[in-house]
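**Q** Sharing a structure with you now.
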Amino acid sequence: MIIDRETDYLYLSDLLPSRHPRFYRKLAEVLKRNKVEFGLLPGTRDIWAVDYMPVQVRAKKFVQFKYEPDYLRNSKKYRATITPVSVVCEKIGIKPVRTDIVIDGGNMVKSKSKAIMTAKIFQENPRYSKPQLIGRLRELLEAEEIIIIPPEPGDYLGHADGILRFYNEGTVLINDYSRERNAYYDDLQATLRKAGLNLIPIPYHPCRNQASASGFYINFLEMKGFILLPFFGLKEDEIAAKRFQELYPKSKIAVINTNEIAKQDGVLHCISWNIKSGKKFSN
């Protein structure tokens, strides 16, 4: 599979400039300053691009999962925010392989040969038995292994990208849950180690008194030679920056305050659809 550190072009929702103009201006400045090519996806209905856009498996192979998450599909108010992905792909010149499997892109963390998802995929795909679903995912993603982890308690999204990210084939970066050690943390660690993965803890300071992604440094943007790290105005910001500089010494590391979008329960990985293009498809 194509991994983040191989990607060279970033797409963002065309709603981001109008819904969050101040944040978008700052983001565009950071991207331009670091020579990151980017463009806007036409005809989107929310800003969380990674959730509805296809997964890139090879340079010209994209897999379009069905974007009908229960938290939108079951709400009359939010059903209208489901982006018509086929239309968006057509406008930017991509013809993905389509499947009826329901998965949000935020619930797929991938390396070259593995993909990690939370167990919510079983809840959203009752037509498949667990072995059938895992087998089909391996075929579509051309993956050697699909690793299933427990979703974080209280996370109605059931996304994996707020929990961990791949550092390399055998290692994942994971939220440092040690300050709130509980059965979930023990279960998560055991699941990952059973899958043969090493764990590197990353600073983590969630805002527990309200719905927010503040303090989720794990939800960073990674591209070829570039890391964009979310800042939240917390003392942990500088600790996180130092840690990422140690982990990614060959990458340019930039930071941006993301409190504005974190209030909507998402951060940088959530708003990004970064691909390996060789050249941009359209602007």
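**Q** Being more than 22 Å from F226 (Cβ to Cβ), touching a Phe, Trp or Tyr at 6+ places or on another chain (Cβ under 8 Å) and surrounded by fewer than 18 Cβ atoms within 10 Å (Cβ to Cβ) is true for just one of Y78, Y67. Which residue is that?
**A** Working: Y67 fails: surrounded by fewer than 18 Cβ atoms within 10 Å (Cβ to Cβ).
Going through Y78, Y67 in turn, just one is more than 22 Å from F226 (Cβ to Cβ), touching a Phe, Trp or Tyr at 6+ places or on another chain (Cβ under 8 Å) and surrounded by fewer than 18 Cβ atoms within 10 Å (Cβ to Cβ): Y78.
**Q** Right, something else. So, E238, is that one of a type in the set (D, E, K, R), in a strand (DSSP E or B) and at pLDDT 95 or above or not?
**A** So E238 fails the test.
**Q** Being crowded, with 19+ Cβ neighbours inside 10 Å, closer than 19 Å to I275 by Cα and not charged (D, E, K, R) is the filter here, so list the residues in the stretch 3-35 that pass it.
**A** T7, Y9, L10, Y11, L12, S13, L16, L27, L31
Here is a yes/no grid of residues against (1) in a loop (DSSP other than H, G, I, E, B); (2) under 19 Å from the mean Cα position of the chain (by Cα):
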{"site": "I2", "(1), (2)": "yes, yes"}
{"site": "Y11", "(1), (2)": "no, yes"}
{"site": "L27", "(1), (2)": "no, yes"}
{"site": "K32", "(1), (2)": "no, no"}
{"site": "K35", "(1), (2)": "yes, no"}
{"site": "D46", "(1), (2)": "yes, yes"}
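**Q** Only one of I218, I256 is of a type outside the set (D, E, K, R), part of a loop (DSSP other than H, G, I, E, B), at pLDDT 95 or above and under 29 Å from P17 (Cβ atoms). Can you tell me which?
**A** I218
**Q** Among the residues of the stretch 136-156, which ones are assigned to a helix (DSSP H, G or I) and touching a strand residue (DSSP E or B) at 6+ places or on another chain (Cβ under 9 Å)?
**A** Filtering the stretch 136-156 down to residues assigned to a helix (DSSP H, G or I) leaves 136-141.
The answer is R136, L137, R138, L140, L141.
**Q** Please name all residue pairs, on different chains or six or more residues apart, with Cβ atoms under 8 Å, provided the first residue is in the stretch 181-202 and is on the phi > 0 side of the Ramachandran plot and the second residue is part of a loop (DSSP other than H, G, I, E, B) and modelled with pLDDT of 95 or more.
**A** Going by the 8 Å Cβ cut-off, the qualifying pairs are G196/G170.
**Q** Can you tell me which of Y204, Y185, Y177 is touching a Ser or Thr at 6+ places or on another chain (Cβ under 8 Å), at pLDDT below 95 and buried (at least 16 other Cβ atoms within 10 Å of the Cβ)?
**A** Among Y204, Y185, Y177, only Y185 is touching a Ser or Thr at 6+ places or on another chain (Cβ under 8 Å), at pLDDT below 95 and buried (at least 16 other Cβ atoms within 10 Å of the Cβ).
**Q** Taking interchain pairs and intrachain pairs at least six residues apart, which have beta carbon atoms under 7 angstrom, with the first residue in the stretch 39-61 and at pLDDT below 95 and the second in a loop (DSSP other than H, G, I, E, B) and of a type in the set (A, V, I, L, M)?
**A** Final answer for the pair search is none.
**Q** Assuming Y52 fulfils every condition listed in (1) farther than 18 Å from L229 by Cα; (2) out of contact with any helix residue (DSSP H, G or I) (no Cβ under 8 Å at 6 or more places or on another chain) apart from one, which condition is it?
**A** If we test Y52 against (1) farther than 18 Å from L229 by Cα; (2) out of contact with any helix residue (DSSP H, G or I) (no Cβ under 8 Å at 6 or more places or on another chain), just (2) comes out false.
**Q** Residue check: is I82 within 29 Å of N175 (Cβ to Cβ), touching a residue at least 60 places away in the same chain (Cβ under 8 Å) and among the β-branched types (V, I, T)?
**A** no
The values are calculated or read from the model by the stated rules, or taken from the named source; none is laboratory data. Because the structure is a prediction, the values reported are computed rather than measured. Every residue, glycine as well, gets a Cβ built from its backbone with ideal geometry; the counts of neighbours run over all protein chains shown.
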